[in-house]
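The values are calculated or read from the model by the stated rules, or taken from the named source; none is laboratory data. Just so it is clear, the structure is predicted and the values come from calculations on it, not from any experiment. Here the Cβ positions follow ideal geometry from the backbone for every residue, glycine too, while neighbour counts run over all protein chains shown. Only protein heavy atoms, including side chains, enter the accessible area calculation; ligands, DNA and RNA are left aside. Shrake-Rupley method; radii C 1.70, N 1.55, O 1.52, S 1.80 Å.
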Amino acid sequence: MNNIVVFLFLAFAPIAYSQSVSLDSVGNYIGKTVTICELVQSTFQTKSESKVSYINFGKPYPNHSFTVVIFKKDLENFDYDPVVFLKKKTICVTGEVSVYKDKPQIVVNSPKQIVVKE
């Protein structure tokens, strides 16, 4: 029982204790777990077998300043299609910031990392 409690704490502690940052400053938090709340500007899913989903912020692709990435293996964790459902909604996303092609991103593995603001 104690192992389960420790596991759950370790699994969700980064989400519960992340720092909220602005879209303009997210690039300063590479390797850190943060929360960003912003309006989704555009979404896209690749047509290839890999089916990578991209949720873009700041401006629509290719002028976006930040991206949430969801890989095919993690899409099965969602009970909705993030590319369709999240488009033009304000969401909060929590995760570790990394960089791909000189732009900050968060790779999302679970729908618990995304909260839609109503």
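Listing for the model above:
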| quantity | calculated |
| --- | --- |
| Residue pairs meeting the criteria (Cβ under 8 Å; at least 6 apart or on separate chains; first on the phi > 0 side of the Ramachandran plot, in the stretch 63-91; second among the aliphatic types (A, V, I, L, M) and crowded, with 18+ Cβ neighbours inside 10 Å) | Lys88/Val40 |
| Selection status of Val6, open to solvent by 20 Å² or more (accessible area, probe 1.4 Å), at pLDDT below 95, hydrophobic (A, V, I, L, M, F, W, C) and over 20 Å from Asp102 (Cα atoms) | yes |
| Any chance Val40 is farther than 23 Å from Lys73 by Cβ, modelled with pLDDT of 95 or more and surrounded by 17 or more Cβ atoms within 10 Å (Cβ to Cβ) | no |
| Residue match in the stretch 78-100 (condition: surrounded by 12 or more Cβ atoms within 10 Å (Cβ to Cβ), touching a helix residue (DSSP H, G or I) at 6+ places or on another chain (Cβ under 6 Å) and under 17 Å from Ser50 (Cβ atoms)) | yes |
| Subset tally (residues that are among the hydroxyl-bearing types (Ser, Thr, Tyr) and within 21 Å of Thr46 (Cβ to Cβ)) for the stretch 73-118 | 4 |
| Within the stretch 51-64, considering residues that are outside any loop (DSSP other than H, G, I, E, B) and hydroxyl-bearing (Ser, Thr, Tyr), the one surrounded by the most Cβ atoms within 10 Å (Cβ to Cβ) | Ser53 |
| Which listed residue, of Ser48, Ser18, is buried (at least 17 other Cβ atoms within 10 Å of the Cβ) and at pLDDT below 95 | Ser18 |
